[in-house]
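A short write-up of the structure that comes next.
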Amino acid sequence: MSTASTTSAASTASTASTASTESTAQPAVERVRVSAEPDWYESAGISLGVRVGNLVFTSGQGPIGADGSTVGVGDFEAQARQALANLSTVLTNAGSSLAEVVKATVFVTDIAAQQGVFAKLRAEHFPNKPHLAESFVEVSSLADPEWMIEIEAIGLVVR
């Protein structure tokens, strides 16, 4: 066996040993579940968000009202406003805010019809510069067939 293969084999064994040890170790940074009252995703076994260090990662927020029903059925702007309000609640409960969002992914069901409306709402809700990074994606459907929008985000925790 050449020196290169011996070193490679020893390195691979060491890496495998380290990997198995790491998989059973506690996470280096605590993960904290973010919730709200009411917690509209609790029954699905999903966190509204997870705070890790100085970041918060939200689940996709849809147009769910306090009573658990879809807000603004057939009205994209009403649904987008409710999804943004829900996103704001989750971020606030994690110690962040819409102003601290650095990345958002927006899922919509009709990009051609909905992009202009969301551009207006983006300017209202995310006016800070530098502008957030965003992906705007059309999907065939969302978690509820009445939903026209769902928004997930990554925000900085400031308090």
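The values are calculated or read from the model by the stated rules, or taken from the named source; none is laboratory data. All values derive from a computational prediction rather than experimental measurement. All Cβ positions, glycine included, derive from the backbone under ideal geometry; neighbour counts span all protein chains shown. Please note that ligands, DNA and RNA were not included when accessible areas were found on the heavy atoms of the full protein model with its side chains. Shrake-Rupley method; radii C 1.70, N 1.55, O 1.52, S 1.80 Å.
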- Message: Only one of Ala9, Ala28 is at pLDDT below 85, open to solvent by less than 60 Å² (accessible area, probe 1.4 Å), farther than 17 Å from Glu150 by Cβ and out of contact with any Pro (no Cβ under 7 Å at 6 or more places or on another chain). Can you tell me which?
- Response: Ala9
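Please go through the stretch 126-140 and pick out each residue that is under 22 Å from Gly74 (Cα atoms) and within 18 Å of the chain's Cα centre (by Cα).
Matches in the stretch 126-140: Phe136, Val137, Glu138, Val139.
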- Looking only at the stretch 59-68, which residues are open to solvent by less than 50 Å² (accessible area, probe 1.4 Å) and small (Gly, Ala, Ser)? Ser59, Gly60, Gly62, Gly65
- Flagged in the stretch 103-140 as surrounded by 10 or more Cβ atoms within 10 Å (Cβ to Cβ) and assigned to a loop (DSSP other than H, G, I, E, B), in numbering order, are Thr109, Asp110, Phe126, Pro127, Asn128, His131, Leu132, Val139
- Query: Does Val158 meet the test of being within 20 Å of Arg33 (Cα to Cα), over 16 Å from the mean Cα position of the chain (by Cα) and in contact (Cβ under 8 Å) with a residue 60 or more places away in the chain?
  - Reply: yes
- Task: Within the stretch 69-102, count every residue that is part of a loop (DSSP other than H, G, I, E, B) and either surrounded by fewer than 18 Cβ atoms within 10 Å (Cβ to Cβ) or at pLDDT below 95 (or both).
- Result: 6
- Across the stretch 27-53, which residue is farthest from Asn86 (Cα to Cα) among those that are in contact with a strand residue (DSSP E or B) (Cβ under 6 Å, 6 or more places away or on another chain) and part of a loop (DSSP other than H, G, I, E, B)? Val29
- Item | Residue among Glu77, Glu100 that is of a type in the set (Asp, Glu), touching a strand residue (DSSP E or B) at 6+ places or on another chain (Cβ under 8 Å) and closer than 20 Å to Ala123 by Cβ | Glu100
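Across the stretch 39-58, which residue is least open to solvent (accessible area, probe 1.4 Å) among those that are among the hydroxyl-bearing types (Ser, Thr, Tyr) and more than 17 Å from Gly95 (Cβ to Cβ)?
Only one residue tops the list, namely Tyr41.
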- Note: among Ala133, Ala153, just one is of a type in the set (A, V, I, L, M), at pLDDT 95 or above and within 17 Å of Arg81 (Cα to Cα), namely Ala153
- Message: Filter the stretch 143-159 down to the residues that are open to solvent by less than 30 Å² (accessible area, probe 1.4 Å), part of a loop (DSSP other than H, G, I, E, B) and in contact with a strand residue (DSSP E or B) (Cβ under 6 Å, 6 or more places away or on another chain) and list them by number.
- Response: Val157
